[in-house]
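*Asks:* Just dropping this structure here.
The values are calculated or read from the model by the stated rules, or taken from the named source; none is laboratory data. Not measured: the values here are computed from a predicted model. Please note: Cβ atoms are built from the backbone with ideal geometry, for glycine as well, and neighbour counts cover all protein chains shown.
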Amino acid sequence: MSLFGAIMSGLYQREQTGKGCKVSTSLLANGTWANSVMIQAGLADAEYRDKRPRDQAYNFISLNYRTKDKELIKLTLVNSARDWAPFCNAIGRPEFIEDDKFFTHEKRVKTCLC
């Protein structure tokens, strides 16, 4: 994502000024950015919660799921109550919005972690 952002910024700069620029990234920089909250917490002597078993996850939607083509996908809904309907529409399953099995966050957790 950061390299994409850098390329788009470079293209915008070229469009605006007529001059290109060099863009770069590194795995270390991206890994640090992706884990920055945990790194900061560690530097501040934070206490971490133990990793829970899959069937006791804090949020079902932020687990890894295997797709039909055997790839892994990880989705995150920050606010399941607010984001559930748009998520269902985005994945082409609007019928899940009113389905009693998924109607509340608690029911979604129970249904999806079994």
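*Asks:* I'd like to know if the stretch 55-63 contains one or more residues that are assigned to a helix (DSSP H, G or I), among the polar types (S, T, N, Q) and closer than 30 Å to residue 104 by Cβ.
*Replies:* Of the residues in the stretch 55-63, the ones assigned to a helix (DSSP H, G or I) are 55-56, 60-62.
Filter once more, so that each one left must be among the polar types (S, T, N, Q): 56, 62.
Filter once more, so that each one left must be closer than 30 Å to residue 104 by Cβ: 56, 62.
Scanning the stretch 55-63, I find at least one residue that is assigned to a helix (DSSP H, G or I), among the polar types (S, T, N, Q) and closer than 30 Å to residue 104 by Cβ, so the answer is yes.
*Asks:* Enumerate the pairs (first residue in the stretch 67-96 and within 16 Å of residue 108 (Cβ to Cβ); second residue anywhere and among the basic types (Lys, Arg) and exposed (fewer than 12 other Cβ atoms within 10 Å of the Cβ)) with beta-carbon separation below 9 Å, excluding pairs fewer than 6 apart on the same chain, so at least 6 apart or on different chains.
*Replies:* none
Let's see how each residue does on (1) touching a Lys or Arg at 6+ places or on another chain (Cβ under 6 Å); (2) in a strand (DSSP E or B); (3) at pLDDT 90 or above; (4) surrounded by 10 or more Cβ atoms within 10 Å (Cβ to Cβ):
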{"position": "5", "(1), (2), (3), (4)": "no, no, no, yes"}
{"position": "15", "(1), (2), (3), (4)": "no, no, yes, no"}
{"position": "31", "(1), (2), (3), (4)": "no, no, no, yes"}
{"position": "41", "(1), (2), (3), (4)": "no, no, yes, yes"}
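*Asks:* For residue 2, are the conditions met, namely being polar (S, T, N, Q), without any contact (Cβ under 8 Å) to a residue 40 or more places away in the chain, over 30 Å from residue 109 (Cβ atoms) and in contact with a Cys (Cβ under 9 Å, 6 or more places away or on another chain)?
*Replies:* no
*Asks:* Tell me, which residue of the stretch 78-114 that is in a loop (DSSP other than H, G, I, E, B) and under 16 Å from the mean Cα position of the chain (by Cα) is nearest to residue 65 (Cα to Cα)? Lay out the reasoning, then the answer.
*Replies:* Start the filter on the stretch 78-114 by keeping residues that are in a loop (DSSP other than H, G, I, E, B), which leaves 78-79, 91-94, 99, 103-104, 114.
Applying the additional criterion that residues be under 16 Å from the mean Cα position of the chain (by Cα) yields 78-79, 91.
Values: 78: 17, 79: 19, 91: 14 Å.
Within the stretch 78-114, the match that is nearest to residue 65 (Cα to Cα) is 91.
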